[in-house]
Every structure is written in structure tokens, then in C-alpha cells.
Amino acid sequence: MPRVYLPPSCGGFADGDHKYLAERGPGSYVNIDDTDPAGKMALKKLAGQDYAAAGLVDAGPEKHCVRGGPEGRWCPHCADNTIWYSWTRSCPSCSGETVPESEMARKLPDGPYRP
């Protein structure tokens, strides 16, 4: 039986009418019966997700997604990592100059997550 590990505090997931709850409480794992047609479909959908890498249902520290809209602006001087509107040339918090979102520093956060 395939085992899908869940991120901390995640109690499970649902696929249509079927719910898959964590076996040992939030943040543990879910066993999926791969002989059941609903289980096969759930495994197929999980395998097709970008964030279900290495059997872990987790989005990780960040995802870089742009939906075709204008690129936001980021202040390299502030620690809050807020993305401002594309027309914001100076940071509303510290009045420092903002840079395009594509020039953001890509430092991974501390914690158990791995890219």
C-alpha cells in the first residue's frame, strides 16, 4: 500500500467524495489502497501535482508563479518580503527604492522544508 506523507498540521486531503485522513494524527501519513479504483485515481492525481514530489504532499517554502499579469516590485531593504504593486517605485514601509519581483533574493527560510 503506498504511503503519502503529510506536511505538519495537515490532517489529510479529499479527492471528490473520498476523504483520506491522517493515520496517526495531523502531520503523519495516509495509506492509499492502490487496488481500489478511487485510490488509483487519487495516486494518479497526486503524481501529477507539482508539489507532490517524493511522496510528500507539501508546497515547500515557496513557488514561483506568474499568471501573466504585471510583475510586482519588492523592497530589498525591508525584512517583511512584501510584494508591492508594479507601479510602487518606493517602499511604503521604509521609503527605499523597490526592484522588480524577478530580482528578488531567493533565500530559503529556516525550517524542515526542502526544495
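The values are calculated or read from the model by the stated rules, or taken from the named source; none is laboratory data. This one's a predicted model, so the numbers in the text were calculated from it and none came from an experiment. Here the Cβ positions follow ideal geometry from the backbone for every residue, glycine too, while neighbour counts run over all protein chains shown. Heavy atoms of the whole protein, side chains included, go into the accessibility calculation; ligands, DNA and RNA do not. Shrake-Rupley method; radii C 1.70, N 1.55, O 1.52, S 1.80 Å.
Projected label points at ASN31 and CYS94, each 7 Å from Cα along the beta carbon direction, are separated by 5.2 nanometres. Within the assembled protein chains, the solvent-accessible surface assigned to HIS77 is about 130 Å², based on a 1.4 Å probe. For ASP15, the residues whose amide H sits under 5 Å from its own are TYR20, ignoring neighbours fewer than 5 places away on the same chain, with H placed 1.01 Å from N. Please label the shape of region 1-49 as rounded, prolate or oblate, based on the square roots a ≥ b ≥ c of the eigenvalues of the alpha-carbon gyration tensor (a/c under 1.5 means rounded; beyond that, a/b larger than b/c means prolate, else oblate). Prolate.
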